[in-house]
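To start, the structure under review is shown below, and the notes come after it.
The values are calculated or read from the model by the stated rules, or taken from the named source; none is laboratory data. Everything numeric here is computed off the predicted structure, so don't read it as measured data. Cβ: placed from backbone, ideal geometry, glycine included. Neighbour counts: every protein chain shown. These accessible areas exclude ligands, DNA and RNA; they are computed on the full protein's heavy atoms, side chains included. Shrake-Rupley method; radii C 1.70, N 1.55, O 1.52, S 1.80 Å.
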There are 2 protein chains.
Amino acid sequence: MSAVDAIVVSQGTVQRRAIAKAITLLESTRADHRAQADELLTALLPHTGKSLRLGISGVPGVGKSTFIEALGLHLIEQGHRVAVLTIDPSSSVSGGSILGDKTRMEKLSMHEKAYIRPSPSSGTLGGVAEKTREAMLVCEAAGYDIVIVETVGVGQSETAVQGMTDMFVLMQLPNAGDDLQAIKKGVMELADLVVINKADIDADAATRAQAMITSSLRLLGMHGNPNDPHSDKHWQPQVISLSALLGQGVDTFWKAVSEFQTLQTANGLFNQRRQNQSLSWMWERIDAGLKQAFKQNSAVREQLPQLTASVQAGQLAASTAARELLRTWNQR
Amino acid sequence: MSAVDAIVVSQGTVQRRAIAKAITLLESTRADHRAQADELLTALLPHTGKSLRLGISGVPGVGKSTFIEALGLHLIEQGHRVAVLTIDPSSSVSGGSILGDKTRMEKLSMHEKAYIRPSPSSGTLGGVAEKTREAMLVCEAAGYDIVIVETVGVGQSETAVQGMTDMFVLMQLPNAGDDLQAIKKGVMELADLVVINKADIDADAATRAQAMITSSLRLLGMHGNPNDPHSDKHWQPQVISLSALLGQGVDTFWKAVSEFQTLQTANGLFNQRRQNQSLSWMWERIDAGLKQAFKQNSAVREQLPQLTASVQAGQLAASTAARELLRTWNQR
């Protein structure tokens, strides 16, 4: 059986092994592997795109894995197949990992209708995000119709996850100041849905947080204008309070997700977002590739240390140094 | 007299004309002008760097020009020479301009110790920012010891201005919600100093805004930890309420700026920030140059439309398209 058929057509253990093998191939840095991976991706592409891609983010301790396990099992019960991928920016920095530990979702990871894959363990955020985007396509080709991409609220990983999913969910703890942090980091405005978890611990605090975040979203202009006759055609970010631990509110959450999908599909924004994401992704990789080639060029590498030192010492204008380096590069 | 001497040594009208001519040269897109401009910049560089570079931002209507006029006249009275440059992102979009109108600062613009230059009127934000950085160096070489770079709170221009100045000041109106907008846009965390203007209209509102923004800054963790024995060595962003119209509070403002400069110089952060800015600037221009060369390459231009269409149609993975285009580019 071809690698493509093993992913698209086969089932059970054979399929799982084929998926894992394909993702390992995608993650390889060897040039011949990369050529094979590109060929495989192109062959898989007609079978992709049919899932709902859900991004979930939140600080460590907010209860992401508990929530994803509860959500995943709920969705499987309804007949879905669920893949969970992770972007863990901490793993490439520390060598360790905040996320990516399969045992965190014990029941879900053992379920035959779920596929859980930890974060690629090395590389820049851009590189890790690229591997995850490609792994998402493999999962889609294998028939997983819900793909969850999880990330921890560190650095720019939220922007990366929002840039590859159809809906971005921000998980918050029910305490004041938390929402201000999210606004500060610009992640609140990425959110299509805000989930306040751990409502079981303090229901009053959760209700207060819900009201505060709703009013923040309104002040930030992320809620539509109620006087705008078209505002019902655009999604208004919702704030939902739930308890992942007790499994309470998961159905409400999924109802909101489904409403979002229906509305965005009807107004054309669902497909538009995906097209924009693909083009941004392409240009992001081109930028990274250009910069890498530039930095590896021997003439540039020879000239760079001295020019950098001159710029730092204030002897050479930064723009002049940039032009000199670009001239060197163009004459190579 | 050489162009360099006309800028560095001459005075009065001769110097003003030399500055204007140099900046016009810097703004030219002609290749031979650019070569001359680079030569001039390199010759001027030993005479630069001795000013305090002050960034000022705020939404239209906050009273920036009234404030800068009051501040500029106050500084000239104290023996300083003041240059005011502008980055107006609106001018390149609309052809018109929110800022950049000399008549806004009537007294200051007529003063012989002040030099006011409107925003370069075309190009990308990156391009406009580059011209302004270079114009700043020309003003420094001409002996202006305070260079103010003003921008209107639109798009990413605040980040550009913060990236080229020693101190970044955010001007706010005394109404609630305004600070939340600033937090949302990530501009609050860029601020070394927040000014609440128009305290003359409603002193109570200004006091409330001052308290709210101070507490927001604290919640955002931008104020130091009072229990940290080293926290007095680092600048804590201040919030100052004033009336630019009545000229009240301008001295308090300048006192805070001077404290900032003294502290940052003592702890070494003043020079470190400038060095980092220069290197970021260099890499920003390199990135822009690489992308421009890539997009202008004939082989890339030939291949790009079809690959873009395939990516949009979902027939080609974005990363595969990026790799194909980079291969084309590398084989040119």
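Some notes on this structure:
- Cβ-Cβ contacts under 6 Å between residues 6 or more apart (or on different chains), taken from a first residue in segment A:249-268 that is farther than 13 Å from A:Leu54 by Cβ to a second residue that is part of a loop (DSSP other than H, G, I, E, B), are listed as A:Gly249/A:Leu242; A:Leu263/A:Trp235.
- No other residue among A:Thr29, A:Thr24 is free of Cβ contacts under 8 Å to residues at least 40 places away in the same chain and away from chain B (no Cβ under 14 Å) apart from A:Thr24.
- Reported count of residues in segment A:58-73, each being open to solvent by 20 Å² or more (accessible area, probe 1.4 Å) and within 21 Å of A:Ala142 (Cβ to Cβ), is 2.
- Sole residue being farther than 30 Å from A:Leu190 by Cβ and either buried (at least 16 other Cβ atoms within 10 Å of the Cβ) or in the same structural domain as A:Val128 (by TED's automatic domain parsing) (or both), chosen from A:Ala22, A:Ala37, A:Ala43, A:Ala31: A:Ala43
- Selection of segment A:33-62 for residues being part of a loop (DSSP other than H, G, I, E, B) and at the interface with chain B (Cβ under 10 Å from one of its Cβ atoms) yields A:Thr48, A:Gly49.
- Those residues of segment A:176-205 which are modelled with pLDDT under 85 and under 15 Å from A:Pro60 (Cβ atoms), in sequence order: A:Asp178, A:Gln181, A:Ala182, A:Lys185, A:Val187
- A:Leu326 vs. criteria at the interface with chain B (Cβ under 8 Å from one of its Cβ atoms), in a helix (DSSP H, G or I) and under 18 Å from B:Leu279 (Cβ atoms): yes
- Matching entry among A:Gly143, A:Gly123 (being in a loop (DSSP other than H, G, I, E, B), open to solvent by 10 Å² or more (accessible area, probe 1.4 Å), in contact with a Lys or Arg (Cβ under 8 Å, 6 or more places away or on another chain) and away from chain B (no Cβ under 14 Å)): A:Gly143
- Condition check for A:Gln315: assigned to a helix (DSSP H, G or I) and either more than 22 Å from B:Ala288 (Cβ to Cβ) or free of Cβ contacts under 8 Å to residues at least 60 places away in the same chain (or both): no
- So A:Ala293, is it of a type in the set (A, V, I, L, M, F, W, C), over 19 Å from A:Asp166 (Cα atoms), part of a helix (DSSP H, G or I) and touching a residue at least 60 places away in the same chain (Cβ under 8 Å): no
Here is a yes/no grid of residues against (1) more than 7 Å from chain A (Cβ to nearest Cβ); (2) aromatic (Phe, Trp, Tyr); (3) farther than 27 Å from A:Val128 by Cβ:
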| residue | (1), (2), (3) |
| --- | --- |
| B:Arg274 | yes, no, yes |
| B:Ala293 | no, no, yes |
| B:Gln312 | no, no, no |
| B:Thr320 | no, no, no |
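The rows are residues; the columns are (1) at pLDDT 95 or above; (2) open to solvent by less than 30 Å² (accessible area, probe 1.4 Å).
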position: A:Pro226; (1), (2): no, no
position: A:His230; (1), (2): no, no
position: A:Gly247; (1), (2): no, no
position: A:Phe253; (1), (2): yes, yes
position: A:Glu259; (1), (2): yes, no
position: A:Asn271; (1), (2): no, no
position: A:Gln292; (1), (2): no, no
position: A:Lys295; (1), (2): no, no
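- Odd one out for B:Asp287 among (1) closer than 30 Å to A:Trp281 by Cα; (2) part of a helix (DSSP H, G or I); (3) more than 8 Å from chain A (Cβ to nearest Cβ); (4) among the charged types (D, E, K, R): (3)
- For segment B:1-17, a residue qualifies if it is open to solvent by less than 50 Å² (accessible area, probe 1.4 Å), of a type in the set (Gly, Ala, Ser) and in contact (Cβ under 8 Å) with a residue 24 or more places away in the chain, and exactly one does: B:Gly12.
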